[in-house]
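To start, the structure itself, in structure tokens.
The values are calculated or read from the model by the stated rules, or taken from the named source; none is laboratory data. Just so you know, these numbers come straight off a predicted model, no measurement behind them. Note that each Cβ is placed from the backbone with ideal geometry, even for glycine, and that neighbours are counted across all protein chains shown. What goes into the accessible areas is simple: the full protein's heavy atoms, side chains included, and nothing from ligands, DNA or RNA. Shrake-Rupley method; radii C 1.70, N 1.55, O 1.52, S 1.80 Å.
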Amino acid sequence: MKRASLAISMMIGLLSLSACHEESQLQQEINDQIPSQSSHLRSAVTQADWTPGSISSIVPLDQLEDLGGQPTEKEVWKSNNPEIFRGTGWLMQNSRTDATRGGAPTPLSGTFPIYLFHINQSGSQKYVHILVTNPNNSAITVSGKGSMYTNSEKPLLGAGTGQSFHVAKDWLNNTPRYSFSNVNINKYKAYEIARLPVANNSMIDGRFEVTASAGAYVYTVVTSTGSLTDAINKSQSGPANGDIYSPNPNAYGREAGVYESSEWVGSTDISLPSSQSYIGFALNTSGKFAYNGVYQQDQNAPAVTRLSDSADKTYGNYGHRYDITLAMNNPNSTAKQVTLYFASNYTNSVNSPSFTYNGPLRMNGVVKNIYTTPTAPRQWLATWNIPAGANFNGKLDFYIPGLITTGQQLILQVN
């Protein structure tokens, strides 16, 4: 199967991958490999689907099986285009059609996530604000929680570090940096969920979940002052100058819009083979590009509405949650040793970029920090002994960090 797009960014002397970097002096896109088939809440693989023998690296992408599961219906608001901003103004809004960037008024109600990733290259410190506004003729209430960090606060120094890792960690551990409850927003007024100063050449990553009693609008806004009044005024004016990456037949583009889903949930029934074998499952993959003529499973969510210059799907699924179960059955007359690996689809002979995945994962209640590189693309997670005739569930729960390459896989090796 094939792979999604990779984003490579040289940030503050450290080569790393960003939530969405493409085509600039700081980033280059690497097209790779990925297959696509229909998704199911629960799917199954038989003994015949395994490949005999062992494997020491990643499974070839055209051999990956579909992962059981499907996107949830919880819509997500995304702000990642322009990923690099160079001035003040709004970065993303769902309140109106802009003369330059398009879009459409799309009020959000109920519970919905917000995700953002941006880089300041304006030449000076700026502030990034997240606003929720009430377009209704009567007051609404909003509640929520989430985390947002810059790499000044959470320096990116390797495994288990950086702003994106810590946002994913806070969500996995339910330890949000910010929370608010039953905030009353009068008609045509705004509430600021969070605000952070962002130094020049620094990154900001954030994920929130908001519950609104009636339709609300959300904005990410850049100001020089940090003033709420300034942020509100700029939310109603023009978009911030920055580097826009639009989709085309050879590029994914960056996300700026409201998308249908923010989670992938489901189970895969797995019948263990009788002899040494391995199998790989597509994880966080896209069906846009073919590898060896094969498309990987499309695990992305389409846009409900988007700025017309932005991605039509959630390529990379940054900020999305995966809640998946590998439901294994050993139909054999002897016990089987099963090893599970997490791997990234991009490999290289050198570590360029310096890493391909850097985020926490909870497996059967135990948190593991995942860190893969082009030269070490897979990481051991667990080895289990499953008795003859027994069932065993490997349950994985994690949030996709904003600073990774797209396209991963889960590998099972049976001995």
query = What accessible area per residue, rounded to a whole number of Å², is obtained for the stretch 330-388 using a probe radius of 1.4 Å?
reply = 38 Å²
task = Let me have the 222 nm mean residue ellipticity of the chain computed from DSSP H runs of 4+ only, each contributing -39500 (n - 2.57), with the sum over all residues rounded to the nearest 500.
result = -1500 deg cm²/dmol
task = State to the nearest 20 debye the size of the charge dipole of the chain about its Cα centre, where the only charges are +1 on K and R beta carbons and -1 on D and E beta carbons.
result = 740 debye
ask   = Which aspartates and glutamates does residue 78 reach when only Cα atoms under 13 Å apart count, and residues fewer than 8 places away in its own chain are ignored?
value = 205, 209, 255, 260, 312
key: Probe 1.4 Å - accessible area at residue 260, Å² to nearest ten   = 90 Å²
Listed residues 51, 290, 196: farthest to the positive end of the dipole of the chain (Cβ charges) = 196
Prolate/oblate/rounded label for the stretch 82-243 (Cα gyration tensor, a/c 1.5) = oblate
inquiry  = Roughly how far apart, in whole Å, are the Cα centres of the stretch 87-102 and the stretch 230-289?
reply    = 21 Å
message = Can you find, among 237, 152, 128, the residue sitting farthest towards the positive end of the charge dipole of the stretch 82-243, where Lys and Arg contribute +1 and Asp and Glu -1 at Cβ?
response = 237
key: Solvent-accessible area, 1.4 Å probe, carbon plus sulfur percent, for the stretch 82-243   = 45 percent
ask   = Pulled fully out, how much extra length does the chain show between residue 250 and residue 137, if you take 0.36 nm times their separation in residues and subtract their Cα-Cα distance?
value = 36.2 nm
key: Max mean-square fluctuation residue, GNM over the chain, Cα-Cα springs under 10 Å, options 116, 396, 61   = 396
key: Charge dipole (the chain, unit charges on Cβ, about Cα centre) - positive-most of 68, 249, 110   = 110
